[in-house]
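Worksheet: the structure to be examined is printed underneath.
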Number of protein chains: 2
Amino acid sequence: MFKILRVDMTSQTVAWQDVPAEYQGLGGRGLTSAIVAKEVDPTCSPIGPLNKLVIAPGLLGGTNCANSGRVSVGAKSPLTGGIKEANSGGQAGQYLAKLGVAAIVVEGQAPADKLFKLVLGKDKAEIKAADHLKGLGNYATVEKLAETYGSKVGYCSIGQAGEYKLTGASVAFTDQELRPTRHAGRGGLGAVMGSKGLKAIVIDPTHGSAAPLADPEAFKKAAKRFAKALAEHPVTSGGLPAYGTDILINILNEAGGLPTRNFSSGRFEGAEKVSGETLNEVTIKRGGNPTHGCMGGCVIRCSGIYHDAKGEYVSKWPEYETVWAWGPNCGIDDLDAIARIDRLCDDFGVDTIEIGCAMAVAMEGGLLKFGDVAGAEKILTEVGKGTPLGRILGSGTGAMGHVFGVRRVPVVKNQSLPAYDPRAVKGIGVTYATSPMGADHTAGYSVTANILSVGGKVDPLKAAGQVELSRGLQAATAAIDTAGLCLFVAFAVLDIPDAFAAIVDMLNAKYGLKLTGDDVGKLGGQILGMEKDFNVRAGLNNADDRLPDFFKFEKLPPHGVVFDVPDSELDKTFIF
Amino acid sequence: MFKILRVDMTSQTVAWQDVPAEYQGLGGRGLTSAIVAKEVDPTCSPIGPLNKLVIAPGLLGGTNCANSGRVSVGAKSPLTGGIKEANSGGQAGQYLAKLGVAAIVVEGQAPADKLFKLVLGKDKAEIKAADHLKGLGNYATVEKLAETYGSKVGYCSIGQAGEYKLTGASVAFTDQELRPTRHAGRGGLGAVMGSKGLKAIVIDPTHGSAAPLADPEAFKKAAKRFAKALAEHPVTSGGLPAYGTDILINILNEAGGLPTRNFSSGRFEGAEKVSGETLNEVTIKRGGNPTHGCMGGCVIRCSGIYHDAKGEYVSKWPEYETVWAWGPNCGIDDLDAIARIDRLCDDFGVDTIEIGCAMAVAMEGGLLKFGDVAGAEKILTEVGKGTPLGRILGSGTGAMGHVFGVRRVPVVKNQSLPAYDPRAVKGIGVTYATSPMGADHTAGYSVTANILSVGGKVDPLKAAGQVELSRGLQAATAAIDTAGLCLFVAFAVLDIPDAFAAIVDMLNAKYGLKLTGDDVGKLGGQILGMEKDFNVRAGLNNADDRLPDFFKFEKLPPHGVVFDVPDSELDKTFIF
């Protein structure tokens, strides 16, 4: 029987709660958003006692369904002021599900300057003092915790950025090798965790068990069909395992949609040097690992291990978004430096996209020059130290633009745009503009049909068809995030009809339901509606569903395009 | 014939335009808001080329009506993201009106790192390079300009803060002695001016003439009645001339509504040391001037001149809001330091309220201790230097709270609350929450009936009647700001019925109209409606009309009150 764990940081007490009827049938993003939408005062301070931090595995968590171990983190976002869900790989999703935890809801606020940890095991949960972890990065935090709790557990933690309550702060989760490299990165959720006084969560799955299945045989069959689809699709079986997500550098550069030097061009002359192909080559040469799963049960394994020239571990493979944010977007073509930066970001606990974009805005603002990799690394280290400049950087792109008076600030709802220029990939522009999460490529990855010819083909340079494309993808994504599936399964789902059918069959076999594909699709739309409604109550309206003005009048080389999806069309995105 | 001067900073050209029908009958705030609401894309970047900076004298500007020389500055605010009007004393209002300028509309954007000045005289306007003024504070800017243009002109300028495009930057206007001590302070309008590349405006009234009057005799009679009312009311004839606005320190402290140490108490133990009474005493002793008009034609003369212990000029008398922001709100009781701070703020060109509140938030965030006056002065000097910390401070209270992860951040629409705690002066809380300008006491000064027994009496500690009080005052204020009258005439207007009748009579006598008192009242409501509409189109909704959550659950000593005007009541404020 799944339960909700209520953690009251004001009194440092915990309580188990049966899942109320209104939250049943939900997991992952669906559950975090439902709890935030229902229980959090939308006008509250995101770093005050009235906000709640919700951590939930997906509906398929705890099963042997491939790639079903994502964990969702939700709250009112200190970055966007709206609702937020960010999900992550790592071990936590599967472990929580195996412990029968539907969600952890962290409420209230500990006394200032006190830090605590939550220690969670089979049928037990305790809050303990953790002042000894104060000021530690995620790597040192996990190392310290592992002295007590060992290596057979999952850790969730915040670095210095979360303690400082910076709006670029992430929530870190350990991977299979106990490295805090998987992050619920976007929207400053680490600041919410920090504001609660919660430094870390220890999740011990010992004596936990696989999630119960209503029809084990049917589940097994469906799970096999699903895994087969993932093994068949060229992206999930070929491109991603070999080159990681960084495979996209050359593809986007070719398409003229690789945002370069703070979104002033769509092509970067140094792209090849930071491409997935180069990453693969360097990794093999140095004895790293090009094909590594970020969580147990992953069959795609797009996360590699990056070694330095001496063959020593630096970081997990930086994702495409990270390589882009600190590479082309900052005019930097040094993969080693980017891997070091990735490590620092993971350690301080900041969103690599948000902070990388902020660095590019700092370059635009004249604080340092585009391409100044030493300068960028130096300023990044200040995040950990909490200097004024470090705090500005750690507060993200909007804050950097605000404080340094920069006009070209690529944010929507104060969250930085990711690695696809919305002028040359217009479908993703619609997602950036309209997602209740702020600019977020994972909220509706229109790059599929715009660039990758997955799930059809829609001309990326034209406005026509983009709203429809984004609408469908945003709803499907909300459902995938609710199931706890890795978003990359979408490549197979979009092209192989049986992959989606298998997901529906697994949900039915697990919960003894008779959902149709339509029901699952509708669920996504309902979740989006709930999230939009929260945002309206938090003070956002249609005028917040817009890209920054410069995308509408600055032409992007090489195609010379502007973002021209009309506002009136954008406002139809959520009319289902 | 009044004209609009269009200043295109992109091409550095000017053009005169007849006032279009839709803008006729408007001046001051009514005109700046009408132009911004009609011509500015509400979703544009406030520091980009699509924003417009509008500077307009009031409807009664250029006449001999007492206290009619206020000048309004309007734009989309980089601080609030909504519409903004801030008005100022000084000589510009009268001079512009005498030159027949209905409004200056600054549009477009000069090339980055180029600075210009606008030189305005009778029937002539020129844009000239002003790179030699780069990096200068307002005092040095005026001094330099005066070498060329002399002392018989008015200057409008920005300091370093405006050049840096900080969202706490003000637009400065010179007083009768050519001191840049009068500021359109709120909402970061200096950043808009800076973003245009406009460092200064020189306004030479030579050969200008008094505004034409449709019925000079009737005007003269009405103006006399108006001046008589100002001379009769105890506030405008006694309290303000003797003690300045700082007279309010002891009054608010007594009432338990003087926000102390970042709004954590309503009483300050050091109030007496920074009170208007002390200010008056020190000023007389040191040979300063306790009774000085901030603009020609002022009969109230609440602005004194502050001298240091050696009898040398430091600054104009700091206003009550300034004394409060840097005094009680920062736990500081040193009047000399506050005067030096006032001078620095005027010189850098920042809003003393916004930046003082930001300093208190920095103290709350642990950057320095409450009461650390040396620390506060030191950090303030960094604003002029443009260090990271200086830029955070100069970006205002919201930015300081954001970057330093502070939970108790007293802002509405990202603009800091002024000098009246909304829990103990609930009528002003309604104004803070609902004004389209963000938290602003001047938008509807409910302190009158709440504390001063002017215009009736409404219990400040109770929710009842506050919405009605604020509604009426906000509408009346919009009308007063449109007339170009100093807000302090409201004391007389609220208590002496003939004062308001005289204003209506002056408007009719000047323009040959037959307005009734009702018409003038309605005008205020219409302006508010126009401003609210802009804000909705800019992305604000009712949920933005709220005080920060801590005012609802933290009890304010000594009365132990919270802000308890229901949200549903707040939402009725603009139902006329």
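The values are calculated or read from the model by the stated rules, or taken from the named source; none is laboratory data. Keep in mind it's a predicted model, so treat the numbers as computed, not measured. Methodologically, a virtual Cβ is constructed for each residue, glycine included, from the backbone with ideal geometry; neighbour enumeration extends over all protein chains shown.
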*Filtering region B:523-540 down to residues that are within 12 Å of chain A (Cβ to nearest Cβ) and part of a helix (DSSP H, G or I), which residue is farthest from B:Ile575 (Cα to Cα)?*
B:Ala538
*asked:* Exactly one of these conditions fails for A:Asp544: (1) buried (at least 20 other Cβ atoms within 10 Å of the Cβ); (2) within 14 Å of another protein chain (Cβ to nearest Cβ); (3) touching a helix residue (DSSP H, G or I) at 6+ places or on another chain (Cβ under 7 Å). Give me its number.
replied: (3)
*Test: residue in region A:551-558 that is more than 14 Å from chain B (Cβ to nearest Cβ) and either under 20 Å from A:Ile300 (Cβ atoms) or surrounded by 18 or more Cβ atoms within 10 Å (Cβ to Cβ) (or both)*: yes
*asked:* Condition (residue is within 14 Å of chain B (Cβ to nearest Cβ) and within 30 Å of A:Ser77 (Cβ to Cβ)) applied to region A:197-218: is it met by at least one residue?
replied: yes
*Looking only at region A:507-521, count how many residues are in contact (Cβ under 8 Å) with a residue 24 or more places away in the chain and either in a helix (DSSP H, G or I) or surrounded by 18 or more Cβ atoms within 10 Å (Cβ to Cβ) (or both).*
7
_Within region B:102-134, tally of residues that are under 30 Å from B:Glu22 (Cα atoms), out of contact with any Leu (no Cβ under 6 Å at 6 or more places or on another chain) and part of a strand (DSSP E or B)_ = 10
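Let's see how each residue does on (1) in contact (Cβ under 8 Å) with a residue 24 or more places away in the chain; (2) in a helix (DSSP H, G or I); (3) more than 14 Å from chain B (Cβ to nearest Cβ); (4) surrounded by fewer than 19 Cβ atoms within 10 Å (Cβ to Cβ):
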position	(1), (2), (3), (4)
A:Ala492	yes, yes, yes, no
A:Asp498	yes, yes, yes, yes
A:Asp505	yes, yes, yes, no
A:Pro548	yes, no, no, no
A:Asp564	yes, no, yes, yes
*May I ask you to list pairs of residues, at least six apart or on different chains, whose Cβ atoms are under 6 Å apart, with the first in region A:156-176 being outside the structural domain of A:Lys144 (by TED's automatic domain parsing) and the second being among the aliphatic types (A, V, I, L, M)?*
none
*Just wondering, is there one or more residues in region A:389-399 that are more than 18 Å from A:Gly188 (Cα to Cα) and within 11 Å of another protein chain (Cβ to nearest Cβ)?*
no
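To keep it simple, each residue is scored yes or no on (1) within 30 Å of A:Ala424 (Cα to Cα); (2) under 22 Å from the mean Cα position of the chain (by Cα); (3) surrounded by 15 or more Cβ atoms within 10 Å (Cβ to Cβ).
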site: A:Arg225; (1), (2), (3): no, no, yes
site: A:Leu230; (1), (2), (3): yes, yes, yes
site: A:Gly238; (1), (2), (3): yes, no, no
site: A:Asn250; (1), (2), (3): yes, no, yes
*Hits in region B:218-260 (condition: acidic (Asp, Glu) and free of Cβ contacts under 8 Å to residues at least 60 places away in the same chain)*: B:Glu254
*Have a look at B:Arg423, B:Arg408 and point out the one that is surrounded by 24 or more Cβ atoms within 10 Å (Cβ to Cβ), charged (D, E, K, R) and outside any helix (DSSP H, G or I).*
B:Arg423
_Pick from region B:135-182, criterion in contact with a Leu (Cβ under 8 Å, 6 or more places away or on another chain), among the hydroxyl-bearing types (Ser, Thr, Tyr) and away from chain A (no Cβ under 14 Å), ranking: surrounded by the most Cβ atoms within 10 Å (Cβ to Cβ)_ = B:Ser170
*If a residue has to be part of a helix (DSSP H, G or I) and under 18 Å from B:Pro410 (Cα atoms) to count, how many in region B:359-380 make the cut?*
6
*Taking helices (runs of 4 or more DSSP H) that fall entirely within region B:166-249, which contain at least 2 residues that are more than 30 Å from B:Thr80 (Cα to Cα)?*
B:216-232, B:240-243
*What residue, of B:Asp308, B:Asp372, B:Asp351, B:Asp333, is acidic (Asp, Glu), more than 14 Å from every other protein chain (Cβ to nearest Cβ) and in contact with a Ser or Thr (Cβ under 8 Å, 6 or more places away or on another chain)?*
B:Asp351
*Among all residue pairs at least 6 apart or on different chains, which show Cβ distances below 6 Å where the first residue, located in region A:88-105, is of a type outside the set (Gly, Ala, Ser) and the second is buried (at least 24 other Cβ atoms within 10 Å of the Cβ) and assigned to a strand (DSSP E or B)?*
A:Gln91/A:Gly154; A:Tyr95/A:Gly154; A:Tyr95/A:Ile203; A:Leu96/A:Pro57; A:Ile104/A:Ile55; A:Val105/A:Val54
*Considering every residue within region A:414-426, establish whether at least one is over 22 Å from A:Ala191 (Cβ atoms), under 23 Å from the mean Cα position of the chain (by Cα) and β-branched (Val, Ile, Thr).*
yes
*Out of (1) facing chain A (nearest Cβ under 9 Å); (2) touching a helix residue (DSSP H, G or I) at 6+ places or on another chain (Cβ under 7 Å); (3) within 18 Å of B:Gln160 (Cβ to Cβ), the odd one out for B:Leu380 is which?*
(1)
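When you check A:Phe404 against the structure, is it among the aromatic types (Phe, Trp, Tyr) and farther than 17 Å from A:Ser265 by Cα, yes or no?
yes
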*Taking B:Ser446, is it buried (at least 22 other Cβ atoms within 10 Å of the Cβ), among the hydroxyl-bearing types (Ser, Thr, Tyr) and within 12 Å of chain A (Cβ to nearest Cβ)?*
no
*Go through the residues of region A:293-300 one by one and say whether even a single one is farther than 30 Å from A:Gly512 by Cβ and in contact with a helix residue (DSSP H, G or I) (Cβ under 9 Å, 6 or more places away or on another chain).*
no
*Does region B:183-210 hold any residues that are crowded, with 24+ Cβ neighbours inside 10 Å, among the charged types (D, E, K, R) and over 16 Å from the mean Cα position of the chain (by Cα), and which are they?*
B:Lys196, B:Lys199
_One residue is enough: does region A:478-486 have a residue meeting the conditions touching a Lys or Arg at 6+ places or on another chain (Cβ under 7 Å), modelled with pLDDT of 95 or more and of a type in the set (Asp, Glu)?_
yes
*Scan region A:294-332 residue by residue and report those that are on the phi > 0 side of the Ramachandran plot and outside any loop (DSSP other than H, G, I, E, B).*
none
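Results for (1) more than 22 Å from the chain's Cα centre (by Cα); (2) outside the structural domain of A:Lys199 (by TED's automatic domain parsing); (3) touching a residue at least 40 places away in the same chain (Cβ under 8 Å), shown as yes or no for each residue.
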| position | (1), (2), (3) |
| --- | --- |
| A:Ile338 | no, yes, yes |
| A:Gly349 | no, yes, yes |
| A:Cys357 | no, yes, yes |
| A:Gly365 | yes, yes, yes |
| A:Ala376 | yes, yes, yes |
| A:Leu380 | no, yes, no |
| A:Gly384 | no, yes, yes |
| A:Ser395 | no, yes, yes |
| A:Pro410 | no, yes, yes |
